[in-house]
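Have a look at the structure below before the remarks.
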Amino acid sequence: MPNKERANAALALVLLASVTLACSALKNLTGGGARTEANKLVTQAQQELAEVDRIDTENDSKLSDLNRAEDENNAADVKRILEESMKALDEGLQHGENAAQKIEQASKLDIDPIYRDYLQLKAQAFRKQIDAYKRLRDAAQIMHDNYGKGGSAETQAKADFRKANDDYRKLLNEARDLHRKADAIARQNPQKIGV
């Protein structure tokens, strides 16, 4: 009898181990709790980024409007356009910060290392974009505060705005490079990346 009980106990352990392995394999196939949570955070980040795109589309003409008002020496229009731009930048920055935080949070979960690398690159890219918009926003504030005053303060404000615009474009290019690297990882590993 003791041998039969040992055999039954061994069989029960083998069955238990088989069930545990099967559950583990199923968890890996479906992504498990961490993968599901990561995908949820990525979806929420995508919603935030959709708001950034909406704001960007609604304010796309601001730079040309600003240039026109500046060419016409219309200080009131320049200040109004800068105020509208700063308000849009503030709103877009808030949505961008939310998106970046969600992606960073997702990248810290217990997920596949390739998916983690992808999310970390995306988070870095979003942070570069946020830095770019912050610089542009700061320059818009300086120009707003000094436009129409004449003299060296206004000249310096215009120069600072142009420099910030150049920095903005440089940071956006760096962000695009990071997005391209992340997208290359996604193309090479479609089964591991995707919501």
Filter result for Lys62 (without any contact (Cβ under 8 Å) to a residue 40 or more places away in the chain and basic (Lys, Arg)): yes
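Is it the case that Ala76 is more than 30 Å from Glu37 (Cβ to Cβ) and hydrophobic (A, V, I, L, M, F, W, C)? Even if it seems obvious, please write down each step before you answer.
Working: more than 30 Å from Glu37 (Cβ to Cβ): yes; hydrophobic (A, V, I, L, M, F, W, C): yes.
The answer is yes for Ala76.
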Any chance Ala123 is in a helix (DSSP H, G or I) and under 30 Å from Ala34 (Cβ atoms): yes
Segment 164-175 residues that are in the same structural domain as Leu63 (by TED's automatic domain parsing), paired with ones that are among the acidic types (Asp, Glu) (beta carbon under 6 Å, 6 or more apart): Leu171/Asp131
Asn146, sole failed condition from (1) touching a helix residue (DSSP H, G or I) at 6+ places or on another chain (Cβ under 8 Å); (2) loosely packed, with under 13 Cβ neighbours inside 10 Å; (3) not acidic (Asp, Glu): (2)
Test: residue in segment 64-81 that is at pLDDT 90 or above, more than 20 Å from Asp177 (Cα to Cα) and buried (at least 21 other Cβ atoms within 10 Å of the Cβ): yes
Segment 149-194, residues that are surrounded by 13 or more Cβ atoms within 10 Å (Cβ to Cβ) and assigned to a loop (DSSP other than H, G, I, E, B): Asn189, Lys192, Ile193
One residue from Ile114, Ile142, Ile130 being closer than 19 Å to His179 by Cβ, among the aliphatic types (A, V, I, L, M) and more than 15 Å from the chain's Cα centre (by Cα): Ile114
Scan of segment 74-95 for residues that are more than 17 Å from Leu136 (Cβ to Cβ) and in contact with a Gly (Cβ under 9 Å, 6 or more places away or on another chain), ordered by number: Ala75, Ala76
Filtered residues of segment 161-183 (kept if over 17 Å from the mean Cα position of the chain (by Cα) and among the aliphatic types (A, V, I, L, M)): Ala164
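The values are calculated or read from the model by the stated rules, or taken from the named source; none is laboratory data. Because the structure is predicted, anything quoted here is derived from the model rather than measured. Neighbour counts run over all protein chains shown; Cβ positions are idealised from the backbone, glycine included.
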